[in-house]
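In what follows, a structure is listed as structure tokens, so that the remarks can point back to it.
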Amino acid sequence: MSWLASLFGRERAARPAGETAGGAVLEAEALRFSYGERPTLDDVSLQVSPGEVVGLIGPNGSGKSTIIKILSGVLSGYQGQVRMAGRDLSELSRREVARTLAVVPQETSFSLPFTVLEIVLLGRHPHLGTLAFEAASDLELARQALDRCGALSLAERSIHELSSGERQRVVFARALAQEPRVLLLDEPASFLDIRHQIELYELVRALAEERAASILLVVHDLNLAAEYCDRVYLLQRGRVEAAGATTEVFTYANLSRVFETDLYVDQNSITGKLMVVPLSGRAKALLAQRNGVEP
């Protein structure tokens, strides 16, 4: 049994109502939302199926984090529909949502000096009965989650003693301990060094491939998106400008238009995946000179 089968080992006897093999577990249709009079989302539709890693890509202010907040039930007052396993999000209790969906925000604050292990055990609460305490199996799941995030050695330390990167790994471990079928990640690697970024994205891919988790993530690093995402939604000013496989969406025309800067797109000779490089003024001048045109 793999570590993921152990961590998420309780197989489900039947699919929830409304979910079909290969069908979308999480869907949003015609989402519109405004902060006050400022429109933030305008007719955004998306879906995530079991086993998929789907990226939300776009410049700051394009609505990516707002989408995550709506899909997780944090924001209300939107127009459109959100469905989880075929059921409207508004029909589900907070406990039902928490048993299915986990969120890793970009940054999490902790007011109380819980230990790391106590923080991760919070992920087990949706699965416990009223006033029930964690069992030995819950403690083991929490420790396994910490181990997979490279944070088991931090288990007894106060969350307030940790660096931003260490706290982010703990928050990710809490999400794993929740045993989610849907995982929403809002720039989960923003405080991590390059080694831990790669480890986190490898773990994301393993969750999708070994446990058929449905994963939607906000990612700014276009190269990590190209390497790890099956599909992407490219957003600009609250609208979906392009959607599909990264090979279809990550073109010079699409990326340069949406990010309003020249971005060079080529194929990585080792992985075969696309790679994206911003063109500096010096690089653009060299290209112009090489092509015999004015920069």
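The values are calculated or read from the model by the stated rules, or taken from the named source; none is laboratory data. Everything numeric here is computed off the predicted structure, so don't read it as measured data. Here the Cβ is made from the backbone with ideal geometry for all residues, glycine too, and neighbour counts use every protein chain on show.
Restricting to region 220-234, count the residues that are in contact with an Asp or Glu (Cβ under 7 Å, 6 or more places away or on another chain) and buried (at least 23 other Cβ atoms within 10 Å of the Cβ).
1
Please go through region 145-199 and give me each residue that is in a loop (DSSP other than H, G, I, E, B) and basic (K, R), ordered by number.
Our first condition is that a residue be in a loop (DSSP other than H, G, I, E, B); within region 145-199, this holds for 149-151, 155-157, 162-163, 178-181, 187-193.
Across region 145-199, the qualifying residues are R157, R181.
Does L101 fit the bill of being within 17 Å of A175 (Cβ to Cβ) and more than 19 Å from the chain's Cα centre (by Cα)? Show your work before the answer.
On the way: within 17 Å of A175 (Cβ to Cβ): yes; more than 19 Å from the chain's Cα centre (by Cα): no.
Answer is no for this residue.
Which residues, taken from region 215-236, are over 14 Å from V104 (Cβ atoms), in contact with a Ser or Thr (Cβ under 8 Å, 6 or more places away or on another chain) and not in a loop (DSSP other than H, G, I, E, B)?
A225, A226, E227, R231, V232, L235, Q236
Table: residues versus (1) in contact with a Phe, Trp or Tyr (Cβ under 7 Å, 6 or more places away or on another chain); (2) under 21 Å from I70 (Cα atoms); (3) in contact (Cβ under 8 Å) with a residue 60 or more places away in the chain; (4) of a type in the set (G, A, S).
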site	(1), (2), (3), (4)
R95	no, yes, no, no
A136	no, no, no, yes
L139	no, no, no, no
C149	yes, no, no, no
A155	no, no, no, yes
I159	yes, no, no, no
L162	no, no, no, no
R205	yes, no, yes, no
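Answer with yes or no whether G36 is surrounded by 14 or more Cβ atoms within 10 Å (Cβ to Cβ) and not acidic (D, E).
Working: surrounded by 14 or more Cβ atoms within 10 Å (Cβ to Cβ): no; not acidic (D, E): yes.
No, not satisfied.
Where the second residue is of a type in the set (S, T, N, Q) and buried (at least 16 other Cβ atoms within 10 Å of the Cβ) and the first is without any contact (Cβ under 8 Å) to a residue 60 or more places away in the chain and over 11 Å from A173 (Cβ atoms) and lies in region 114-128, which pairs have Cβ atoms under 7 Å and are six or more apart or on separate chains?
Pairs that qualify, where the first residue is without any contact (Cβ under 8 Å) to a residue 60 or more places away in the chain and over 11 Å from A173 (Cβ atoms) and the partner is of a type in the set (S, T, N, Q) and buried (at least 16 other Cβ atoms within 10 Å of the Cβ), are P126/Q178.
Within region 80-98, how many residues turn out to be under 21 Å from the mean Cα position of the chain (by Cα) and small (G, A, S)?
Qualifying residue count, region 80-98: 3.
Go over the candidates L207, L183 one by one and state the one that is under 21 Å from I119 (Cβ atoms) and at pLDDT 95 or above.
Details: L207 fails: at pLDDT 95 or above.
Residue meeting the stated conditions: L183.
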